[in-house]
Each structure stands twice: as C-alpha cells, then as structure tokens.
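J.: I have a structure here, written as structure tokens, and I will follow up with some questions on it.
The values are calculated or read from the model by the stated rules, or taken from the named source; none is laboratory data. Since the structure is predicted, the reported quantities are computational estimates derived from the model, not experimental observations. FYI the Cβ positions are ideal-geometry reconstructions off the backbone, even for glycines, and counts take in every protein chain you see.
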Amino acid sequence: MKHSTGSPIQGSVKRGLVKAKKKVFRAMFHLQRKLFHYLEPDPYKVLSNVEAVHLDEPAAGKSSADNVNAFLSRDPFADINLQELCRDTGLTSLDLLRIPRIRHKIALQRWERFNRNGKFISADFSKKDMLPETYDYSLMMVEKSLGVLGFLERPILLLNPLLAVDKVRHSVSSCKILSIGPRTEYEILLMLSYGFSLANITALDLFTYSPWIETGDMHDMKYLDNAFDVVFLGDVFPYSTNIPKLAEEIIRVCKPGGCVAISTDYVPPSERSVPRQLSRPPNWVWFERSQQLLDYFSGHVDNVFFRQDGQLLDSAQSNVRVVFDIKK
C-alpha cells in the first residue's frame, strides 16, 4: 500500500511554515546580537555625545555657581540616547529599562559622565538629626553599590508591593512620587521602568552628582504641603536619630490618601553587638516589626496594604517593610 504524500497545498503550507520559523529564528538571533552589542564595555554606547559641564572649569564670564546651576537645570533625559537601540531591537525605551543589565549599564554610564571630576553637591542638613557617619558612609556606598547589581535591585522588593496598590497601579504615569535617599540614579531608573514619569519623580538626598537628585534634609524638606501621591523610603530610617520629626515631614508632604512605602534592614539580636560602620547611640531603635514603623505615624494611618516583619533566615538578609496610606 502506498503512503499518501499529501496534497500540493499541504506541502506548500509546510514549506511556508518552515520559512516563517527560519525568519523568526533569524530575527531572534539578530536581536540577541544587538542586545549583547550594547552591553559591551564601551561606556558611552547608550549615551549621546553631549559634553557634561565641568564644575571646576567655569565658562568664560561665569562663576562655578553659575555652571552648577546650568548643570542641574539641563534636560536630564537629553543625555540618554536609546533611539538607536530601540530602532535596532524593535523594543521601546520602557522595554529596555525593564532589563536589569541595561538599567545597570545606563546608571554606570551616567555616573561616569556626571562624576568625571569627582564633584558632589552637598546639602545643608542638621547633623543632630543624623548618625554622625551618615554623610561619609553614604558617599562611600555610592560607588560601591554601583558595582553590585543585586544591591541596586533591592528597591524592587518595596516597589512591587507598592505597585500592587490599585490606586497607585492605575495612576502610575501621573503619580507624583518622592524618593528619599536614593544615593544613585538606579532607583529612579527602576521607577521609570515601572511606568512612573520622570517629570513626576522627585529624589532627595544629602548629596548629588546627578541632575535627577536634589539635595536637602529629609527632616526639613522644602516641598509644599500635600505635594506627593507617594513617599518612598528604602533603607533610610536607620540613619535618623529623630524619627518622630522625619515622620511629621513625611505626613506633611504626602497628600491625604497618598501612600507611604518604607523598608529598613532587620538585624537579629545575636548580631547587634557586632562592630559596624555606623555607630549606634544609646537610644537607637532596632526595627523588628512593621508595627514599630507604623507607630511613628499614629493617628495618620488609614489602610495598611502590605507589611512584613523581620525574619531569622539562615543565609539571607531580612527586611522590615510596610506600605500604607495617609489620612489627615
């Protein structure tokens, strides 16, 4: 008995499917090569060739202060040129920012661009409200953290529960968010990848190398009352020696119904006597439970959307986290 070889139409369909598969594989291979090309060590692949302002070399007829102001007032997005990469890969800039290695690459490139002269702009802040080593320690951690992608990705663990709150998720593109203590631009790049608009992201720290980060004291912020839909604090509470004052400022700048997201390290009791880079005053608060954080906002907590207490883990770090909204 002869085996049927199928109709000519079936054969044509099969050949067409094979050709289509080959095209898909070629496109995927091309995309992969393009992505790896942009992840090569050349530090300016994703950046345009715009010259950064040299803060220690004033332009003719201008003071260093004028150059600093010009540097900080420039359009910050003008320094990222993802157009070629988007064109070559067929991806959007948001798609690309969702890839951790590309986010890391951009953060490193912008650090190299803006920190060519090692110049930081520092804030005036009340040292009585901070641990003595806060400024020097944070400054040291900037370059150290930029070299460790896993460390830079930690804000995701607080952004995820924040974005699970419906009123944040459904208005993320118009949501005004304040990031307190980001150190580097990486946290801002993360927020952009989650759909927040750059125009609606305000970042505050004790120092800055970046036009995306303003300088100031979190205990005495310059922002208007009810200015933000979200206040985001990733691991900054431990640096304050006046947490009640910090909580008052957070309540003041957050809109009624706005969300507050806080994360802080959990240090097990057995490790608290180990010498650390930051000294601990006698009245130091060791955070173990999310309720300890909420207590500072007593009378102003409406809904608690997410909370996590510190956990004893064998080989991993634990955090205390909470996401809640403000009532006034």
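J.: Of the residues in region 287-317, how many are free of Cβ contacts under 8 Å to residues at least 24 places away in the same chain, polar (S, T, N, Q) and surrounded by 15 or more Cβ atoms within 10 Å (Cβ to Cβ)?
T.: Adding up the residues that qualify gives 1.
J.: Further, regarding this structure: Can you pull out the residues in region 98-117 that are charged (D, E, K, R) and not in a helix (DSSP H, G or I)? Let's see the steps before the verdict.
T.: First, the residues of region 98-117 that are charged (D, E, K, R): 98, 101, 103, 105, 110, 112-113, 116.
Of everything in region 98-117, those that are charged (D, E, K, R) and not in a helix (DSSP H, G or I) turn out to be 98, 116.
J.: If you scan region 302-322, which residues turn out to be among the hydrophobic types (A, V, I, L, M, F, W, C) and within 22 Å of residue 155 (Cβ to Cβ)?
T.: The answer is 304, 305, 306, 313, 316, 320, 322.
J.: Continuing with the same structure: Given (1) modelled with pLDDT under 75; (2) in contact with a Leu (Cβ under 7 Å, 6 or more places away or on another chain); (3) outside the structural domain of residue 221 (by TED's automatic domain parsing), where does residue 88 come up short, assuming only one miss?
T.: Going through the list (1) modelled with pLDDT under 75; (2) in contact with a Leu (Cβ under 7 Å, 6 or more places away or on another chain); (3) outside the structural domain of residue 221 (by TED's automatic domain parsing), residue 88 breaks only (2).
J.: Which members of region 148-175 meet the condition of being buried (at least 18 other Cβ atoms within 10 Å of the Cβ) and either part of a loop (DSSP other than H, G, I, E, B) or at pLDDT below 95 (or both)?
T.: 152, 154, 155, 165, 175
J.: Suppose the filter is in contact (Cβ under 8 Å) with a residue 24 or more places away in the chain and of a type in the set (Asp, Glu); does residue 214 pass it? Before the answer, list the steps.
T.: Working: in contact (Cβ under 8 Å) with a residue 24 or more places away in the chain: no; of a type in the set (Asp, Glu): yes.
Spelling it out, it is not the case that residue 214 is in contact (Cβ under 8 Å) with a residue 24 or more places away in the chain and of a type in the set (Asp, Glu).
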